[in-house]
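For reference, the structure is listed below as structure tokens.
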Amino acid sequence: MGRPHFRYSPWDGSQAGFELDAYDVLEQLTDDLLYNGDLRSALRRMMTQGFEDASGKPTQGLREILKYLRGARQDRLDRFDLGGVYDQISGQLNEVLQMERDALDERLAQANAMDDGLPDADTDSAPMDSRSSELIRASSLEKHLELDMLPEDLAGRVKGLENYEFVSPEAAALFETLSERLREQLMSNYVNQLTDAVQGMSGAQMDRMKDMMAELNDMLGQRQRGETPDFEGFMERYGDMFPGEPQTLDELLEIMARQMAAAQAMFNSMTPEQRDQMRRLSEQLLEDMDLRWQMDQLSDNLRQAFPDAGWGAHYSFDGADPLDWSMASSIMGELGDLDQIERMIQSAAEPGALAEIDFDRVRELIGEQEAESLERISRLASELQDAGLVEHREGKLELTPRGMRRLGQDALSQLFRKLDKDLLGRHEVDSRGFGHERSFQTRPYQWGDSFDLNLERTIRNAILRGERSPVRLSPDDFEIEETESVARTSTVLMLDLSLSMPMRDNYLPAKKVTMALHSLISMQYPSDYLGMVVFSESARVITAEELPSVTWDYVYGTNMAHGFQLARDLLRKQSGTKQIIMITDGEPTAHINRFGVPEFHYPPVQETVDATMLEVARCTRERIRINTFMLEPDPALQHFVQVMAKVNGGRTFFTTPET
């Protein structure tokens, strides 16, 4: 068998391995999720602000993407002038008129040459009689006058030239070509998806277009009545008219609605005079009343089916580059797509909603980085679900047990990173006893010890004593392994949710510590009991599953007495060393009165202090230690917890949110 072969290449950025994974996402959500307790809101803020993957590669947030999107739209408006559409048609008509006038002037020159007895310049024929030249001159002047009398407006000129008998064959052919092109463009203005089918359309093909629109309107009516349209049959008859090959009726209608809305937006963006000219030109060139009715009916139906397609959009073009008709249609389509992408981004409540965006279109209109960022954001929720960290419960995205454990680990790792920066050492406890945790230390065997021989040390002692093969052991050679004393601990975490916690910026670090303690205790000491109590004006017991979503209470009051009471109730049923770990930033300002109702007083009244100290004394009698993390440096607030620690024998850690 041959050896396996491996190929290595320089890193060029295309290799996989540094993509953002679900655990990276959850880690970056930790602070926001712990602070607000709402996974959906935390994801929404992450979508808005952006994030980084494991390699430090940034992903733009929706706020930044919207900034680039609006910039791309404004660039188009600052560059182009929509008046070029009207000017282009006017210019082509002027070219037709000039060709005709040149032909008339040439005829006048021929007539004048006849009167002077000169031969015709083109034919070298003999001079014609004066009567013929006079008729030619009169006819040419009459046609000049007829051209001079044409209306100034675009539609009037087109109508006048349709009834005009051209002298110049070239001018007549150019006008006929221009009229056909205008009809095609007006048809494309209604149904832009059919541009290819409209080109060079004959009378019979125009009738087929009319039949197609009639069937499309019928299918829309059937769908509104709850019937099932025959889309497959429709595509068999007219599929060649749809280059994009839409697969469903909805797909076809959405494409047509978006493009017809873009055409309407171009019409809306013209000046009132230009709009009037275009309307009259459309009526002049599209004389088939049935065709116009079908197109108007289709437009109305699509407006009802897709009211948010941007039918009322209006753009103010301030640029200098004139747009011809085809360029204007393309630019209006781009602006419509930019508007649609913006609406989809703004309405996306969860990352999955962004998956409906055409990322290739974003890449074309805005840029590669923006499209890649949108695509990565759209996968956030699905990656969390695939990793088993979140799930949908009753239509709401929530953390799974695995996600909660991971959240605790992330909070704990952040605390450990902080400890590493502070260069805190280890505090070893010289405690030995019976148990199963090895301390990796040995000592000579004494009568009554558990017979946990360390064979390596025992045999070495015999050899050092002079024994050779075979090695004979004596009781003096025996050396046993020491084990650490193992005790079960029952702990209740008490977290202050009073309004002062977020007001003093203490809430997030306090909750992070709570999550870290829960993670540490549940992972490192799985046999321990761990309960949780939160308190503000009153206290309540919560489960581990509720902890990530817990947030502060919008009420005043710090009811430590009620919290100690609930913690005692939990610990009364447990064994081992019992302790309460309380995280707070204040002094007791509330208690449960004799009517069983929470009562708040600030500054604290003696009744509140007495009720709290009574619970502290009860905890002390039941051998429950109260250890307090005090987050507020105010000496007056610190005084109470110092007295409480002195009575109970617990410990108090005076700290700050930063440490």
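The values are calculated or read from the model by the stated rules, or taken from the named source; none is laboratory data. Fair warning: this is a prediction, and the values are worked out from it, not measured in the lab. So basically every Cβ, Gly included, is an ideal-geometry build from the backbone, and we count neighbours across all protein chains shown. Side chains included, ligands, DNA and RNA excluded: accessible areas come from the protein's heavy atoms. Shrake-Rupley method; radii C 1.70, N 1.55, O 1.52, S 1.80 Å.
Tabulated results
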{"item": "Residue within the stretch 347-362 that is over 30 Å from M47 (Cβ atoms), touching a Leu at 6+ places or on another chain (Cβ under 6 Å) and touching a residue at least 12 places away in the same chain (Cβ under 8 Å) present", "result": "no"}
{"item": "The stretch 583-602, residues that are open to solvent by less than 10 Å² (accessible area, probe 1.4 Å) and of a type in the set (A, V, I, L, M, F, W, C)", "result": "I583, A590"}
{"item": "Extreme residue, nearest to S500 (Cα to Cα), among residues of the stretch 559-597 that are basic (K, R) and either in a strand (DSSP E or B) or touching a residue at least 12 places away in the same chain (Cβ under 8 Å) (or both)", "result": "R568"}
{"item": "Candidate set: the stretch 214-244, residues that are acidic (D, E), in a helix (DSSP H, G or I) and without any contact (Cβ under 8 Å) to a residue 12 or more places away in the chain; chosen: the one nearest to L298 (Cα to Cα)", "result": "D218"}
{"item": "Count - residues of the stretch 629-640 that are under 17 Å from M503 (Cα atoms) and open to solvent by 20 Å² or more (accessible area, probe 1.4 Å)", "result": "3"}
{"item": "Matching entry among D476, D420 (being assigned to a helix (DSSP H, G or I), surrounded by fewer than 17 Cβ atoms within 10 Å (Cβ to Cβ) and at pLDDT 80 or above)", "result": "D476"}
{"item": "Residues (at pLDDT 75 or above and open to solvent by 80 Å² or more (accessible area, probe 1.4 Å)) located in the stretch 309-320", "result": "D318, A320"}
{"item": "Unique residue being assigned to a helix (DSSP H, G or I) and open to solvent by less than 20 Å² (accessible area, probe 1.4 Å) when the list is M327, M295", "result": "M295"}
{"item": "Filtered residue count, the stretch 602-618, keeping only those that are among the aliphatic types (A, V, I, L, M) and not in a helix (DSSP H, G or I)", "result": "1"}
{"item": "Count of the stretch 205-254 residues which are among the basic types (K, R) and either touching a strand residue (DSSP E or B) at 6+ places or on another chain (Cβ under 6 Å) or open to solvent by 90 Å² or more (accessible area, probe 1.4 Å) (or both)", "result": "2"}
{"item": "Of all residues in the stretch 608-628 being exposed (fewer than 15 other Cβ atoms within 10 Å of the Cβ) and touching a helix residue (DSSP H, G or I) at 6+ places or on another chain (Cβ under 8 Å), the one that is modelled with the lowest pLDDT", "result": "E622"}
{"item": "Residue within the stretch 6-24 that is at pLDDT 65 or above, surrounded by fewer than 17 Cβ atoms within 10 Å (Cβ to Cβ) and in contact with a Leu (Cβ under 7 Å, 6 or more places away or on another chain) present", "result": "no"}
{"item": "In the stretch 518-533, the residues that are at pLDDT 80 or above and under 18 Å from D31 (Cα atoms)", "result": "H518"}
{"item": "Among the candidates V643, V605, residue that is open to solvent by 30 Å² or more (accessible area, probe 1.4 Å) and over 24 Å from V555 (Cβ atoms)", "result": "V643"}
{"item": "Which numbered condition R376 fails, given (1) in contact (Cβ under 8 Å) with a residue 40 or more places away in the chain; (2) within 27 Å of S269 (Cβ to Cβ)", "result": "(2)"}
{"item": "Given (1) modelled with pLDDT under 75; (2) closer than 30 Å to L323 by Cβ, index of the condition L66 fails", "result": "(1)"}
{"item": "Output for the stretch 552-563, where each listed residue is within 44 Å of the chain's Cα centre (by Cα) and surrounded by 15 or more Cβ atoms within 10 Å (Cβ to Cβ)", "result": "W552, D553, Y556, G557, T558, N559, M560, H562, G563"}
{"item": "Out of Q579, Q574, sole residue that is surrounded by 14 or more Cβ atoms within 10 Å (Cβ to Cβ) and closer than 20 Å to T652 by Cα", "result": "Q579"}
